[in-house]
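> This is the structure, below, for whatever I ask next.
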Amino acid sequence: MKNRDYTPLLAELAEAYARRSPRSRALHEQAIRYMVDGGSHTLRLVQPFPPRIAAAHGAWLTDEDGHRILDFWQGHLANVLGHNPAVVTSTLARAFADGFGLQTGFTDRLQVEVAELLCQRTGAERVRFTTSGTLATMYAIMLARAFTGRDRVLKVGGGWHGGQPWALKGINFQATSGFQHLESDGLPATVADEVIVTRFNDPDALRDVFRQQGDRLACFIVEPFIGVGGFMPATHDYLHTARTLTHQYGTVLILDEVIAGFRFRAGDLGALYGIRPDLATFGKIIGGGMPVAAVAGRAEIMELAGGRAGGGRVKFSGGTYSAHPASMLAAKTCLTYLVQHEADIYPRLGALGEQARQTIRAAFAEEGIPVHLTGTGHDLALHSSMFMLHFPYAPTAPLNNPEDLFDPAVCDTTLSHKMLDLALLVEDVFVLHSHGGVSTEHTAADIEFLGEACRRAARRIKPYL
Ligand code: PMP
């Protein structure tokens, strides 16, 4: 680890940004009078203040100051068809004009159709919708605990499954404890012991945990392509070891597909590994831009939430906006479109994603800045449209799991998490924490624009390394 002082760079960037964005700045000053830190999602609150977005079409945003910004964040990676795709907005506009869409509180045909589609595309036997990925993982864990009668939840270090109690351990790397600490005050005291954190893509570590406490593990929740934790696909060996061990010990395997679902194919990613989980969670892309999430899986487990077979043992009974009609209409429209155009969309997304990764790598290399790009898939997780930048201190450092990528002694996380977003934003490119993905609306010209922005950002950063 080198001692890099970014204070002058940060001041330079913040000044350049403030100069060009007076309206966003004024709105931020207003915002902090009413909202915690001036917004409702901490990650979105780019420092010193976030750009306030006024319009968004396809790959591009327009902010309140009139800048056109090329966006790779794309709605937390939900907007795989780009922002406000006509196929979804025109369907919603017609429905609203006909007086359909906001009459929440009933059941309708649409949610049946979306549920059927999800089951067909993922091999799940039952689906229940909810409104966020966070709720989906929480309910999946409750179902697993009730089904097994066990208390322990196994997850991987760096794995983000939303802000619910069982998911709030082992997310951010700390020099002293790695991924072994709680992330929040106010959690039930049991979480510290009940949640066990293992290492992503390390089958030996998984075997050890199961050998020691497999008969106490209610579930293993893991992403087939780890998102926030580093944008890396699980290896074939890892997921198959997970499936074998969970079978052997009667533990519920939950694949969290909130990012991966419908991102690599028009269905779950687990299928490409030949893995059928007991439960899977979906969100983001499945909503077509609206707040839709789902738990999907084996009938025997899912029915614990139902009044018929399960006696409503698990209170996954729904909320005001569950299967909201306008959301279901957006979901149906988006999923149907993805299924119909699957053969065209996914190879194109993958090719553009690869072009983005290569372009970024080349831009930083030109300035002599070693950058490690994750997001690349492999022979099973083909067509990855995502990228994440990491800046290792030593070019030969092994970077195979979140423990390497997020250790500030190994990679310059200040650069990737604090400096780069702003350095790119002043070049009209939006990424968050150095990660992003392409949508169907990004073009080769957009990737060139990204490359130019990276080159200019690299030039600005270089003197501080
Ligand atoms: N699981 C994964 C893998 C996620 O990436 C996220 C969100 N980034 C969640 C769950 C939580 O989803 P939400 O933000 O919709 O609550």
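The values are calculated or read from the model by the stated rules, or taken from the named source; none is laboratory data. As the structure is a prediction and not an experimental result, all values here were calculated from the model. As a convention, Cβ positions derive from the backbone with ideal geometry for all residues, glycine included, and neighbour counts pool all protein chains shown.
> Hey, does the stretch 178-195 have a residue that's within 24 Å of Met290 (Cβ to Cβ) and either without any contact (Cβ under 8 Å) to a residue 60 or more places away in the chain or within 16 Å of the ligand (Cβ to nearest atom) (or both)?
no
> Of all residues in the stretch 34-69, which are surrounded by fewer than 17 Cβ atoms within 10 Å (Cβ to Cβ), without any contact (Cβ under 8 Å) to a residue 12 or more places away in the chain, of a type in the set (A, V, I, L, M) and over 20 Å from Asn84 (Cβ atoms)?
Once the filter is applied, which keeps residues that are surrounded by fewer than 17 Cβ atoms within 10 Å (Cβ to Cβ), without any contact (Cβ under 8 Å) to a residue 12 or more places away in the chain, of a type in the set (A, V, I, L, M) and over 20 Å from Asn84 (Cβ atoms), the stretch 34-69 yields Met35, Val36.
> Sticking with this structure for a sec: Looking only at the stretch 17-33, which residues are surrounded by fewer than 19 Cβ atoms within 10 Å (Cβ to Cβ) and either at positive phi or in contact with a His (Cβ under 8 Å, 6 or more places away or on another chain) (or both)?
Of everything in the stretch 17-33, just one residue is surrounded by fewer than 19 Cβ atoms within 10 Å (Cβ to Cβ) and either at positive phi or in contact with a His (Cβ under 8 Å, 6 or more places away or on another chain) (or both), namely Arg20.
> As an exercise: evaluate Phe282 against (1) under 23 Å from Gln111 (Cβ atoms); (2) away from the ligand (no atom under 16 Å from the Cβ); (3) of a type in the set (Phe, Trp, Tyr) and give the number of the one condition it does not meet.
In the conditions (1) under 23 Å from Gln111 (Cβ atoms); (2) away from the ligand (no atom under 16 Å from the Cβ); (3) of a type in the set (Phe, Trp, Tyr), Phe282 misses (2) alone.
> Can you name the residue in the stretch 416-451 that is part of a helix (DSSP H, G or I) and free of Cβ contacts under 8 Å to residues at least 60 places away in the same chain and is also nearest to Ala86 (Cα to Cα) among such residues?
So, considering only residues that are part of a helix (DSSP H, G or I) and free of Cβ contacts under 8 Å to residues at least 60 places away in the same chain, the one nearest to Ala86 (Cα to Cα) is Ala445.
> Here's a follow-up. Taking Ala205 as meeting all but one of (1) free of Cβ contacts under 8 Å to residues at least 40 places away in the same chain; (2) under 23 Å from the mean Cα position of the chain (by Cα), write down the number of the exception.
(2)
> Quick check on Leu373: is it at pLDDT 95 or above and assigned to a helix (DSSP H, G or I)?
Values: at pLDDT 95 or above: yes; assigned to a helix (DSSP H, G or I): no.
For Leu373, the condition - at pLDDT 95 or above and assigned to a helix (DSSP H, G or I) - is not met.
> When the residues of the stretch 243-252 are filtered to those that are surrounded by fewer than 24 Cβ atoms within 10 Å (Cβ to Cβ) and of a type outside the set (S, T, N, Q), which remaining residue is nearest to the ligand (Cβ to nearest atom)?
Ranking the qualifying residues of the stretch 243-252, first place goes to Arg243.
> Considering only residues that are of a type outside the set (Lys, Arg) and touching a His at 6+ places or on another chain (Cβ under 9 Å), look in the stretch 141-167 and name the one that is surrounded by the fewest Cβ atoms within 10 Å (Cβ to Cβ).
Residue satisfying both the conditions and the ranking: Ala167.
> Mind checking which residues of the stretch 260-304 are among the hydroxyl-bearing types (Ser, Thr, Tyr) and surrounded by 24 or more Cβ atoms within 10 Å (Cβ to Cβ)?
Listed by number, the list holds a single entry, Thr281.
Listed here are the residues, each with its yes/no results for (1) within 13 Å of the ligand (Cβ to nearest atom); (2) under 16 Å from the mean Cα position of the chain (by Cα); (3) not polar (S, T, N, Q).
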{"position": "Gly289", "(1), (2), (3)": "yes, yes, yes"}
{"position": "Ala296", "(1), (2), (3)": "no, no, yes"}
{"position": "Ala299", "(1), (2), (3)": "no, no, yes"}
{"position": "Gly311", "(1), (2), (3)": "no, no, yes"}
{"position": "Phe316", "(1), (2), (3)": "no, no, yes"}
{"position": "Ser322", "(1), (2), (3)": "no, no, no"}
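> Further question: Take the residues in the stretch 48-78 that are out of contact with any Ser or Thr (no Cβ under 6 Å at 6 or more places or on another chain) and under 19 Å from Val228 (Cα atoms), then tell me which one is nearest to the ligand (Cβ to nearest atom).
The residue in question is His76.
> Still on this model: Filtering the stretch 223-277 down to residues that are touching a residue at least 40 places away in the same chain (Cβ under 8 Å) and in a strand (DSSP E or B), which residue is farthest from Thr148 (Cα to Cα)?
Filtering first and then ranking leaves Met232.
> Now for a separate question. So which helices (runs of 4 or more DSSP H) are wholly in the stretch 86-172 and hold at least 3 residues that are more than 16 Å from the ligand (Cβ to nearest atom) and of a type in the set (Gly, Ala, Ser)?
86-97
> Please list, ordered by first then second residue, the pairs with beta carbon atoms under 8 Å, 6 or more apart or interchain, first in the stretch 339-359 and farther than 13 Å from Met386 by Cα, second of a type in the set (Lys, Arg) and outside any helix (DSSP H, G or I).
So the pair list comes out as Glu342/Arg265.
> So, one more: Give the residues of the stretch 32-85 that are closer than 28 Å to Thr414 by Cα and assigned to a helix (DSSP H, G or I), sorted by residue number.
Residues satisfying the conditions are Ile32, Val36, Asp37, Gly38, Thr42, Leu43, Arg44, Gln74, Gly75, His76, Leu77.
> So, one more: Would you mind finding the one in Ile369, Ile447 that is closer than 26 Å to Asp65 by Cβ and either of a type outside the set (Gly, Ala, Ser) or surrounded by fewer than 22 Cβ atoms within 10 Å (Cβ to Cβ) (or both)?
None of the others qualify; the one that does is Ile447.
> Looking at Gly289, is it closer than 30 Å to Leu380 by Cβ, outside any strand (DSSP E or B) and touching a strand residue (DSSP E or B) at 6+ places or on another chain (Cβ under 9 Å)? Give the derivation first.
Values: closer than 30 Å to Leu380 by Cβ: yes; outside any strand (DSSP E or B): yes; touching a strand residue (DSSP E or B) at 6+ places or on another chain (Cβ under 9 Å): yes.
Judged against the criteria, Gly289 is a match.
> While we're on this one: Please go through (1) within 15 Å of the ligand (Cβ to nearest atom); (2) surrounded by fewer than 23 Cβ atoms within 10 Å (Cβ to Cβ) for Ala331 and return the number of the only condition it doesn't satisfy.
Unmet condition: (2).
> Looking at the structure I just gave you, is Ala95 surrounded by fewer than 20 Cβ atoms within 10 Å (Cβ to Cβ) and either free of Cβ contacts under 8 Å to residues at least 40 places away in the same chain or among the basic types (Lys, Arg) (or both)? Give the steps one after another, and end with the answer.
On the way: surrounded by fewer than 20 Cβ atoms within 10 Å (Cβ to Cβ): yes; either free of Cβ contacts under 8 Å to residues at least 40 places away in the same chain or among the basic types (Lys, Arg) (or both): no.
Against the criterion (surrounded by fewer than 20 Cβ atoms within 10 Å (Cβ to Cβ) and either free of Cβ contacts under 8 Å to residues at least 40 places away in the same chain or among the basic types (Lys, Arg) (or both)), Ala95 does not qualify.
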